[in-house]
Amino acid sequence: MSVPLIALVGRPNVGKSTLFNRLTRTRAALVDDLPGVTRDRQYGRGLWGERHFRIVDTGGFQESSSEPLAQDIRQQAMVAVEEADAVVLVVDGVAGMLPDDQVIAGLLRQAGKPLVIAVNKSEGRLGSEGVWDFFALGAGTVVAIAATHGQGIDDLLTAVFAALPVAPHPDALVAGDPEVGLRVAVIGCPNAGKSSLINRLLGEERLVSSAIPGTTRDTIDTLLTTPQGRTYVLVDTAGLRRKSRVTQRVESFSALAALKAIDRADVAVLVLDGVRGVTDQDQRVAGYAVDAGCGLVMVVNKWDLAGREPKAVEQCKDQFEQSFPHLEHVPVLRLSAQSGRGVERLLPTLDKVGLACRQRISTGILNRWLAETLVRHPLPRSAGHSVKIRYISQVSVAPPTFLLFSNHPEEIHATYRRYLENRLREAFDFSGTPVRMLCRKGSSNT
Ligand code: GDP
Ligand code: GDP
């Protein structure tokens, strides 16, 4: 299914990040997001009823400021708007309408995207007069919300989804078709070596590659076939194949392109610059891939340079472990896209992660594993009653998702679920794939 991208735009301090947290938390309530991996995000996913959405917080949008930084942020915001399927203009209901709101609304009208105006800080006066002033912006539906209190969020999402075009996104027709082959997104910061890696793969004599029609207007995917007939679809390789003609773009674009590619992929290859080290952007994108349920392989590139110094190797290892806590299961390949050294391990590793993502474990084996694991590390007693996990079953793949049935599901803490996840990863090979553990009340057949 294609997941719409919603951009939050507005002046600084109107409450965009508060709203962002509120919207992405709707999902955390259902799925235990990995703490540490997903903190400090600019991009996230949310779930409203059955509907998934992606969200980007564009940061401050200070229209009247001529400071270079503000202009840069503004440029990034406009790129986000271009990429988005719908835009939420957040305004401050207490401050009322300010000239900057009008200027931003004007820019957004020109962009022609479905637009909803969220009048934030409206707690206790959701129906009040002031809210309607913002109709004067003449740009889309107006909804009163209070991000800190969680008020009006349902109305906001109703308006956003109503504003989205109804036609199915072309991605929906192609994404996830297992017949085509494993869908792989090569992502990473500018200059990490993504193009070099793709070109190296395309240049391998034993591999046959062909460009296949993009699923959206300006995307090109590449079909890669091995002599054994295994196929991979490298998603969204347009810019990466024709690197020389692509001008350097703002960082946010590469991040957004990465998010779009992740949403269409089974496995993401995060290319890290072995010389520069891990960046914030790398951490965010990795967190996003995990949230999206996408498999992950990390490539530490430029190993020809970094590998020369033993000290650099150690530093890189330390930094890596600190940067990606909870991602110990993700395979890390050190290679050189330039010399080709180590690149031959990439496709077999992708196969392995692809299998892990789709692995299904029978209920009998799972419950035997659960019984043994519970004996080794019993659940702590809680508030005078004993908490029991009675049963486990796997409810889906890609990512593998498990349902635990308990008499007190609310008392199974995230740390214990993480313990179970780690034991599960030890017992069965789930390298590179996120694993979800959900808890429900009941015993086996409820
Ligand atoms: P951003 O700069 O647009 O991302 O704004 P923030 O999310 O950082 O919020 C700016 C300030 O507004 C913070 O002090 C928030 O606590 C406050 N704020 C956000 N949402 C609400 C709300 O619904 N009601 C009230 N009263 N304050 C809010
Ligand atoms: P992209 O922006 O991620 O697509 O990065 P490019 O593939 O364009 O590479 C950026 C720069 O890094 C170019 O100058 C490449 O020649 C260089 N580069 C890429 N891979 C390697 C590598 O393995 N070793 C070295 N030494 N340089 C590399």
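Brief remarks follow.
- Taking all protein chains together and a 1.4 Å probe, the residues Val94, Val271 rank Val94, Val271 from largest to smallest accessible area.
- Theoretical gain in end-to-end length, Leu438 to Thr363 [0.36 nm per residue, Cα-Cα removed]: 25.5 nm
- Interchain or long-range residues, amide H under 5 Å from Leu333's placed H: Met298, Val299, Val300
- Cross-link reach is defined here as a Cα-Cα straight distance under 26 Å, omitting same-chain residues fewer than 8 places apart; for Lys121 the lysines meeting it are Lys16, Lys113.
- Listed residue pairs exceeding 20 Å between alpha carbons, taken from Lys311/Lys352; Lys194/Lys302; Lys317/Lys352: Lys311/Lys352; Lys317/Lys352
- Accessible-area ranking of Val332, Val343, largest first, probe 1.4 Å: Val332, Val343
- Accessible area in the full protein assembly, largest first, 1.4 Å probe, for Thr237, Thr141: Thr141, Thr237
- In the assembled protein chains, Lys388 presents an accessible area of approximately 100 Å² (probe radius 1.4 Å).
- Electrostatic bookkeeping for Gln338 treats Lys and Arg as +1 and Asp and Glu as -1; over the other residues with beta carbon under 11 Å from its beta carbon, the sum is +2.
- Global form of the stretch 387-446, assessed from the alpha-carbon gyration tensor, a/c cut-off 1.5: prolate
- With all protein chains modelled, accessible area of Arg200 [1.4 Å, Å²]: 70
The values are calculated or read from the model by the stated rules, or taken from the named source; none is laboratory data. What you see is a predicted model; the values in this text were computed from it and never measured. Cβ coordinates were reconstructed from backbone atoms using ideal geometry, including for glycine residues, and neighbour counts include every protein chain displayed. SASA here: full protein model, heavy atoms, side chains in, ligands and nucleic acids out. Shrake-Rupley method; radii C 1.70, N 1.55, O 1.52, S 1.80 Å.
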